[in-house]
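To start, the structure under review is shown below, and the notes come after it.
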Amino acid sequence: MNPFPFIAQLGTGAFSTVREGFHRSNANCSYAVKCVNRKKLSEEDEAALLDEVAILKAMKHVHIIRLYDFFSEPSTYYLVMERMRGGELFDRIVAKAYYNEKEARDTCKILLEAVDHCHKHSVAHRDLKPENLLLLSDEDDSAVKIADFGFAKIVKEPNSLTTQCGTPGYVAPEILEGNPYDERADMWSVGVILYILLGGYPPFIESTQRDLFRKIRKGEYEFHEEYWGTVSVEAKDLISSLLTVDPVKRLQAKNGLHNAWITGDDADLAGRDLGANLEKFKAFNARRKFKAVVSTIMAVNKLSFMGNQLNLDAVNNNES
């Protein structure tokens, strides 16, 4: 029996709603309870959801969103999740009046620690992006957590994954090429996120998705002097070791944690102002939020017209 009485609705999706819930024995602690309509799930959808549940149950890390419990009823699945009250990390950053390399470094270290935990458990997240970096509260900038393990998969052996999934702009070259891959695809996404954290804009920008994917496949990006001239050489070296087309040569999370920039002097990094880049960051984030709204409207219209489930973030969602 589900012990969580529901209060407010926090969000809604194609076949689920997220509601605020309180445990009957503790009304002071609230949770985000994802209620999934089982009747709307295909066999593949149901299998993917149960995979996500199994993976989240194993993920006990301070910087990974927690799944506290899971209930199954004839018509509904209930996922009792940690409630993230602080919104998206990128929204918090662009609200700052001052931003420096230490803040970017601290965020990157958190991301590397969380991804390293996933990879130690042979879990590939497969959709690391700004929308999936959330804050636990409004008060603590360090309480960052990776969320949304909907594409996550256990890697049973190297290069055993084949599904072309992810988000354009963050997806690794080997996935776009249709090559078998593994956890190392996540490290490319970490490199893209770090590039944005420091530069304020993505490394791969093109007007068409075809041109975007071409640049990603070739690993064609640069550190423009206007925004990167004063950024630490060690930071740029770390990005270059992550945005490496050959996944065998790509830096792993456990090694990234020992990078000279990650372990660098706090005072030195705090003195490296990223003010000009923060303005660029604000413009990028505004476009990102606008595109998200447009994509949501398009998805709703498409669903209404065709009656099909649509995932605009997926390059291709044929589960491996």
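The values are calculated or read from the model by the stated rules, or taken from the named source; none is laboratory data. Small disclaimer: the values here were computed from a predicted structure and weren't measured. With ideal geometry, Cβ positions are generated from the backbone for all residues, glycine too; neighbour counts draw on all protein chains shown. Side chains included, ligands, DNA and RNA excluded: accessible areas come from the protein's heavy atoms. Shrake-Rupley method; radii C 1.70, N 1.55, O 1.52, S 1.80 Å.
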(request) With all protein chains present, calculate the accessible area of Glu226 using a 1.4 Å probe and round the result to the nearest 10 Å². (result) 150
(message) If DNA, RNA and ligands are ignored and the probe is 1.4 Å, what is the ranking of Glu101, Glu183 by accessible area, most exposed first?
(response) Glu183, Glu101
(message) Suppose accessible area is computed on protein heavy atoms with a 1.4 Å probe; arrange Arg85, Arg66 from highest to lowest.
(response) Arg85, Arg66
(message) Less than 10 Å Cβ to Cβ from Val33, Lys/Arg counted +1 and Asp/Glu -1: what total charge do the surrounding residues give?
(response) +1
(message) Report the Rg/Rh value for the range 1-152, based on alpha-carbon coordinates and the Kirkwood definition of Rh.
(response) 0.98
(message) Compute a Gaussian network model of the chain, connecting alpha carbons closer than 10 Å, and tell me which residue from Asp268, Asp116, Asp237 fluctuates the most.
(response) Asp268
(message) Counting only protein heavy atoms and a 1.4 Å probe, tell me what percentage of the range 147-203's accessible area is made up of carbon and sulfur.
(response) 46
(request) Kindly provide log₁₀ I(q)/I(0) values, in the same order as q = 0.10 Å⁻¹, from the Debye equation applied to equal alpha-carbon scatterers of the chain. (result) -0.59
(request) Show Lys40, Lys34 ordered by accessible area, largest first, where the area counts protein heavy atoms only and the probe is 1.4 Å. (result) Lys40, Lys34
(message) Please list, in order along the range 136-146, the HN-Hα scalar couplings obtained from phi with the Karplus expression 6.51 cos²θ - 1.76 cosθ + 1.60 (θ = phi - 60°), rounded to whole Hz, x for Gly and Pro.
(response) 5, 9, 7, 9, 10, 6, 8, 7, 8, 9, 7
(request) Take the Cα radius of gyration of the range 120-267 and divide it by 2.2 N^0.38 Å, with N its residue count; two decimals is plenty. (result) 1.05
(message) If you only keep lysine pairs separated by 8 or more in sequence, or across chains, how many in the range 98-229 come under 29 Å at the Cα atoms?
(response) 25
(message) I'd like the accessible area for Phe70, computed on protein heavy atoms only with a 1.4 Å probe and all protein chains in place. Round to 10 Å², please.
(response) 40
(request) Search the structure for amide H atoms under 5 Å from the amide H of Arg66, placed 1.01 Å from N in the peptide plane, and list their residues when 5 or more places away or on another chain. (result) Glu82
(request) Quick one: grab the alpha carbon gyration tensor of the range 52-125, order the square roots of its eigenvalues as a ≥ b ≥ c, and give me rounded if a/c is under 1.5, else prolate or oblate depending on whether a/b is larger than b/c. (result) oblate
(request) Using a Gaussian network model of the chain whose springs link C-alpha atoms within less than 10 Å, name the residue from Ala143, Ala260, Ala104 with the highest mean-square fluctuation. (result) Ala260
(request) Any chance you could check the Cα centroid distance between the range 13-58 and the range 184-199 for me, in angstrom? (result) 29
(request) Would you please classify the overall shape of the range 210-252 from the alpha carbon gyration tensor, given that a ≥ b ≥ c denote the square roots of the eigenvalues, rounded means a/c under 1.5, and beyond that prolate means a/b larger than b/c while oblate covers the rest? (result) oblate
(message) Out of all DSSP beta bridges in the chain, what portion is antiparallel? Express it as a percent rounded to 5.
(response) 95
(message) Report the rotationally averaged projected area of the range 83-204 based on its alpha-carbon convex hull, in square nanometres.
(response) 7.5
(message) With every protein chain left in place and a probe of 1.4 Å, what is the accessible surface of Leu251, to the nearest 10 Å²?
(response) 40
(message) With equal scatterers on the alpha carbons only and no solvent term, can you work out the Debye log10 of I(q)/I(0) for the range 57-99 at 0.26, 0.31, 0.35 1/Å?
(response) -0.94, -1.07, -1.16
